[in-house]
1. Starting from segment 89-109, take each residue that is over 15 Å from Leu257 (Cβ atoms) and list its partners that are of a type in the set (Phe, Trp, Tyr), counting only C-beta distances under 6 angstrom and pairs at least six apart or across chains.
2. Given the condition open to solvent by less than 10 Å² (accessible area, probe 1.4 Å) and more than 25 Å from Ile149 (Cβ to Cβ), answer yes or no: does some residue in segment 62-69 qualify?
3. Go through Phe228, Phe221, Phe195 for me and flag whichever is modelled with pLDDT under 95, outside the structural domain of Leu44 (by TED's automatic domain parsing) and either over 17 Å from the mean Cα position of the chain (by Cα) or surrounded by fewer than 14 Cβ atoms within 10 Å (Cβ to Cβ) (or both).
4. Determine, yes or no, whether Ser58 is of a type in the set (Ser, Thr, Tyr) and in contact with a Cys (Cβ under 6 Å, 6 or more places away or on another chain).
5. Might you check whether a residue that is closer than 18 Å to Ile45 by Cα and among the hydrophobic types (A, V, I, L, M, F, W, C) occurs anywhere in segment 138-159?
6. Test Gly145 against the criterion of being open to solvent by 10 Å² or more (accessible area, probe 1.4 Å) and at positive phi, and give yes or no.
7. What helices (runs of 4 or more DSSP H), lying completely within segment 1-52, carry at least 3 residues that are farther than 23 Å from Ile134 by Cβ and either at pLDDT 95 or above or open to solvent by 80 Å² or more (accessible area, probe 1.4 Å) (or both)?
Amino acid sequence: MNGPQLSELPDDSEQLEPFVSSLRRRALQASELSAVRAFSEGFLIKFLRARDFDVELSLKLLLNYQRWRRESPEISGCLSPSSVLGLLSTSYHAVLPQRDHSGSRVLVYRIGQWNPKDWSAFQVFRVSLMTSEIISMETQTQRRGLKAIFDLQGWSLGHAWQINPSLARKISSVLSDSFPLKVRGIHLVNEPMFFRPVFAMIRPFLPDKIKQRIHMHGADFHDTLSDFFSPDILPPEYGGEGPGIEEVCQDWTNQLLQSEKLLQQIAAHPTADVASTPDSSLISGEAQTEQFSQG
Ligand SMILES: Cc1c(C)c2c(c(C)c1O)CC[C@@](C)(CCC[C@H](C)CCC[C@H](C)CCCC(C)C)O2
């Protein structure tokens, strides 16, 4: 059975056990004694699915993930949705209720809603990290990855000044090999000319595979965006017929707020172990804390 076929099996499948054991063994060998903890199966499977069950690549991803978190305490140290509620209430961000035709999660970021006088780039980054932690628990998202739409209408110098080379490095790391999620597409819409220099800071660090998945749509994006996303899932603001952007942002904000405890547990433990969950339990907002097992 090949990697993608293995990915389709459920977490508790017997055929996955040798891969999980092997990654666990390699991870324990690689961590310093102080960092050793019992990794749960669900935690390890996230990394295996992200790398199609190649144990060496999964190990590399896991170690990069831990290193990224260790080196970015300003971002990963606080994963409290209520601490950024003011930003979320401006309809800055949503995960659309429906997946795209290939099963990917679709995320929308409306950068113009971010007032850089009120919120630092670190706080804004935390929102993405919170969402990423939550959706990466979904089995189907582990298999099919995510696509993100960045609406850059309102991008200003105030925003640009917040993005320095160190932050650009952190952005490119999570996009490439420091987070257990497959990035299947990045779509920029309404990007102004003076976004170019910022993008030029991030681009050199990205692997070709990711570079090829970045699409710049400009202001006339309705036609080209619909080449990638079916109108039934997109909000009308983005040329679709789905629920409106304000409503989907509100719904995802509620979802984040319901995950407050879970996210704080993840932030508190450098290798927080959270089992993967079927989508339904996320959508209905069922408590997931009982699935959380600390290593
Ligand atoms: C796992 C994961 C994380 C954590 C993530 C993103 C994606 C796709 C992920 O898979 C995308 C957004 C990002 C990188 C956070 C960005 C936060 C900054 C402060 C936003 C500023 C605006 C950017 C200059 C806009 C362009 C970025 C694209 C070129 C990615 O966080």
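The values are calculated or read from the model by the stated rules, or taken from the named source; none is laboratory data. Worth saying up front: this structure is predicted, and the values here are computed from it rather than measured. Every residue, glycine as well, gets a Cβ built from its backbone with ideal geometry; the counts of neighbours run over all protein chains shown. Side chains included, ligands, DNA and RNA excluded: accessible areas come from the protein's heavy atoms. Shrake-Rupley method; radii C 1.70, N 1.55, O 1.52, S 1.80 Å.
1. Listed by first residue and then by second, the contacts come to Asp100/Phe229; Tyr109/Phe150.
2. Looking through segment 62-69, at least one residue is open to solvent by less than 10 Å² (accessible area, probe 1.4 Å) and more than 25 Å from Ile149 (Cβ to Cβ).
3. Exactly one of Phe228, Phe221, Phe195 is modelled with pLDDT under 95, outside the structural domain of Leu44 (by TED's automatic domain parsing) and either over 17 Å from the mean Cα position of the chain (by Cα) or surrounded by fewer than 14 Cβ atoms within 10 Å (Cβ to Cβ) (or both), namely Phe195.
4. Taking the combined requirement at face value, the residue does not satisfy it.
5. Within segment 138-159, one or more residues are closer than 18 Å to Ile45 by Cα and among the hydrophobic types (A, V, I, L, M, F, W, C).
6. Taking the combined requirement at face value, the residue does not satisfy it.
7. Answer list for segment 1-52: 17-30.
Each row is one residue, and each column tells you yes or no for (1) away from the ligand (no atom under 16 Å from the Cβ); (2) under 21 Å from the mean Cα position of the chain (by Cα); (3) modelled with pLDDT under 95; (4) open to solvent by 20 Å² or more (accessible area, probe 1.4 Å).
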site: His187; (1), (2), (3), (4): no, yes, no, no
site: Met216; (1), (2), (3), (4): no, yes, no, yes
site: Ile233; (1), (2), (3), (4): yes, yes, no, no
site: Pro236; (1), (2), (3), (4): yes, no, no, yes
site: Ala272; (1), (2), (3), (4): no, yes, yes, no
site: Leu282; (1), (2), (3), (4): yes, yes, yes, no
